[in-house]
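One structure below.
The values are calculated or read from the model by the stated rules, or taken from the named source; none is laboratory data. None of these values were measured; they are calculated from a predicted model. FYI the Cβ positions are ideal-geometry reconstructions off the backbone, even for glycines, and counts take in every protein chain you see.
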Amino acid sequence: NMITGTSQADCAVLIVAAGTGEFEAGISKNGQTREHALLAFTLGVKQLIVGVNKMDSTEPPYSEPRFEEIKKEVASYIKKIGYNPAAVAFVPISGWHGDNMLEPSTKMPWFKGWQVDRKEGKAEGKCLIEALDAILPPARPTDKALRLPLQDVYKIGGIGTVPVGRVETGILKPGTIVVFAPANITTEVK
């Protein structure tokens, strides 16, 4: 599932647990944090956001030194695999309590916000939703012929056959007549 979704993504949000022992397990040699960051980069996801979650579970809760320690270690790892840490937003969050998710948290007054510096320009903000809003949509070749490699096909009762894939070139909209190759099946987009 992670590979399926990631292969179609314009951005990855890497959620790292800040709890004692949890971060260390994830960033260890065979940990999921490393694995997911590497998979995202390998599958061509160029933009990354790091959410340092469970800040309410640090010792003491909402610890700035713990956030900085995690940020430093994750930045070092993602640099090794090919990301530019200066272009990655690092946001301390607590999903459970909603801290820094949609609006700045009063529990982390030390966090002055995230900044990203990339060739297309700079962006900054305080919370996760702002980091998501700062993602740059990639240029898509909409002037070319429609090409949509299929990933799966679902048959849904009352709806019909639903092909699933990613539009690589062109535009897909209702009313368009499409041809599926190599079977040469023609249908109309609903």
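Sort out which residues of region 155-190 are of a type in the set (S, T, Y) and either modelled with pLDDT of 90 or more or touching a helix residue (DSSP H, G or I) at 6+ places or on another chain (Cβ under 7 Å) (or both), and write them in order of number. Break it down stepwise before answering.
Narrowing region 155-190 to residues of a type in the set (S, T, Y): 161, 169, 176, 186-187.
T169, T176, T186, T187 - these are the residues of region 155-190 that are of a type in the set (S, T, Y) and either modelled with pLDDT of 90 or more or touching a helix residue (DSSP H, G or I) at 6+ places or on another chain (Cβ under 7 Å) (or both).
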(Q) Pull out all pairs, ordered by first then second residue, where Cβ-Cβ is under 7 Å, the residues are six or more apart or on different chains, the first lies in region 89-105 and is free of Cβ contacts under 8 Å to residues at least 24 places away in the same chain, and the second is surrounded by fewer than 23 Cβ atoms within 10 Å (Cβ to Cβ) and in a loop (DSSP other than H, G, I, E, B). (A) P104/K126
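Return the residues of region 20-37 that are acidic (D, E) and either touching a Lys or Arg at 6+ places or on another chain (Cβ under 9 Å) or surrounded by 14 or more Cβ atoms within 10 Å (Cβ to Cβ) (or both); say none if nothing qualifies. Break it down into steps so the answer makes sense when it comes.
Here is the first cut: in region 20-37, the residues acidic (D, E) are 22, 24, 35.
If the condition is that a residue be acidic (D, E) and either touching a Lys or Arg at 6+ places or on another chain (Cβ under 9 Å) or surrounded by 14 or more Cβ atoms within 10 Å (Cβ to Cβ) (or both), then E22, E24 are the ones that fit.
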Q. Restricting attention to region 2-35, which residues are among the aliphatic types (A, V, I, L, M) and closer than 17 Å to E68 by Cα?
A. L14, I15, V16, A17, A18, I27
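Scanning region 1-59 for residues that are outside any helix (DSSP H, G or I) and of a type in the set (K, R), which turns out modelled with the highest pLDDT?
Our first condition is that a residue be outside any helix (DSSP H, G or I); within region 1-59, this holds for 1, 7-21, 28-31, 43-54, 58-59.
Next cut, of a type in the set (K, R) only: 29, 46, 54.
On the way: K29: 90, K46: 92, K54: 98.
For region 1-59, the residue satisfying everything is K54.
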Q.
Which residue is surrounded by the most Cβ atoms within 10 Å (Cβ to Cβ), if the candidates are limited to region 72-102 and must be β-branched (V, I, T) and outside any loop (DSSP other than H, G, I, E, B)?
A. V91
**Q.** Test for E69: is it part of a helix (DSSP H, G or I) and among the acidic types (D, E)
**A.** yes
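Residues to consider are L136, L148, L132; find the one that is under 30 Å from I185 (Cβ atoms) and surrounded by 10 or more Cβ atoms within 10 Å (Cβ to Cβ).
Numbers: L136 fails: under 30 Å from I185 (Cβ atoms); L132 fails: under 30 Å from I185 (Cβ atoms).
Exactly one residue qualifies, and that residue is L148.
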Q: Within region 38-60, track down each residue that is hydrophobic (A, V, I, L, M, F, W, C), buried (at least 22 other Cβ atoms within 10 Å of the Cβ) and over 10 Å from the mean Cα position of the chain (by Cα).
A: V52, M55
